[in-house]
Amino acid sequence: MHESVFVCALLPHGELQLNDLTKNILLWVVIVVVMLLVFSRYLPPGQQREEIRYSDFIADVHSNRVDSVILQGDSIRGVLKDKQQFETYNPETNYTALIGDLLKANVAIEGQPPKQPNFLTQLLLQLAPALLLMVVFVYLLRQMQGAAGGRGAMSFGKSRARLLGEDQVNVTFGRCRGRG
């Protein structure tokens, strides 16, 4: 019974040669590491904020339980006086009334610009449909050409006939008619 083992040999030139199993395993390890790195960017940060309703947030402001807030777009993040972090979303179109309430309650207010999407993510989202169409187009072209084997639908212009000289012709018209 033959068992596969990881084989890597050092060639005379100092190059490392790996067998197919080792190459496949290394490929999968690289794929998994890249996937983990990509997905780790979208994981929430270590300290979680409790999501609360906007009405509960307003009630906390009126009862002086809010220490500080950060207004960022429609998002309101903050810290209560008991150091609990929270997050809520502002359903109002402007912050005028809310800022007045926060100032009356002596809440520290910080404003930040809305989060902009990552440039690389935006670029990939914009290019993904075009790249997908190009990949499908190349795949279909290779299928029609028979993957460069000449047996596909587009191989009609690729004649396999050879041009022979006069000294290479062994068949005459007489032999074709049966008078040979």
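Laboratory data are not the source of any read-out in this text; all were calculated from the coordinates shown. On a predicted model such as this, the values are computed, not experimentally measured, just so you know. Note: ideal-geometry Cβ built from the backbone for every residue, glycine included; neighbour counts use all protein chains shown.
Label-to-label distance, Arg142 versus Asp67, with points set 7 angstrom from Cα along the beta-carbon direction: 5.9 nm.
Annotation: amide H of Asn19 within the under-5 Å range of Val7, sequence separation 5 or more or interchain, hydrogens built in the peptide plane.
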